[in-house]
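All remarks here apply to the structure that follows.
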Amino acid sequence: MTSRKRFIGLASLVFILTPAAALTAEAMTLKEIMQGLRDDLVDISDGLFVDDFEQVARGAMAIAEHPPIPPAQVRLVAEELGLEMAAFKQLDTLVHELSLEINAAAEALDREAAVTGYKQIIDGCFSCHDAFKERVAAILSAP
Ligand code: HEC
């Protein structure tokens, strides 16, 4: 194969693969995002139990940088929650801020602060679940 042909072959491969990868990232549903948050939380907790602060930081940053909820789902949630959407967003922000605090604590090797943040973030997860999970799951799974 000439190098030019090889280049074209590679270029078309990249062309085929890139949009698919981009699409998957965008198409992640709220439920899939949540399943990711669960894994990230387990990373934080495992890390704390064995004093692996890198793992704690990794889990915390993955929560902080979770993919955005797809706009179509945001619209459905906003329609369902109305004025309560502000409270929903606030709990998302709270969890986001706590994940940054846990990351900072892990980087500072401050076990106590990391454990405190860990307990608070779990409270944050359940606050939103108690208030909204059932309703939001119902409208997002409606056909
Ligand atoms: C702002 C609200 C909110 C916050 C904060 C939140 N969740 Fe959720 N979570 C939801 C909603 C809504 C669902 C239901 C989604 C659905 O079924 O479509 C859900 C569902 C889940 C599920 C079930 C997924 C499944 O397979 O059915 C898990 C696991 C989960 N969340 C983990 C977490 C963890 C861990 C945190 C904290 C780090 C968290 N959530 C924080 C709103 C929230």
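So here's what we get for this one:
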{"quantity": "Matching entry among Ala87, Ala113 (being of a type in the set (A, V, I, L, M, F, W, C), in contact (Cβ under 8 Å) with a residue 12 or more places away in the chain, within 18 Å of Asp43 (Cα to Cα) and assigned to a helix (DSSP H, G or I))", "calculated": "Ala113"}
{"quantity": "Criterion: more than 24 Å from Ser141 (Cβ to Cβ) and not hydrophobic (A, V, I, L, M, F, W, C) - qualifying residue of Glu101, Glu84", "calculated": "Glu101"}
{"quantity": "Number of positions in the stretch 100-128 that are touching an Asp or Glu at 6+ places or on another chain (Cβ under 8 Å) and within 9 Å of the ligand (Cβ to nearest atom)", "calculated": "1"}
{"quantity": "Looking only at the stretch 61-94, and only at residues there that are under 12 Å from the mean Cα position of the chain (by Cα) and aliphatic (A, V, I, L, M), the one that is farthest from the ligand (Cβ to nearest atom)", "calculated": "Met61"}
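Taken together, the values in this text are just the output of simple stated rules run on the coordinates, not laboratory data. Here the structure is a predicted model, which is why all the values come from computation and not from measurement. Neighbour counts are summed over all protein chains in view; Cβ atoms, including those assigned to glycine, are modelled from backbone coordinates with ideal geometry.
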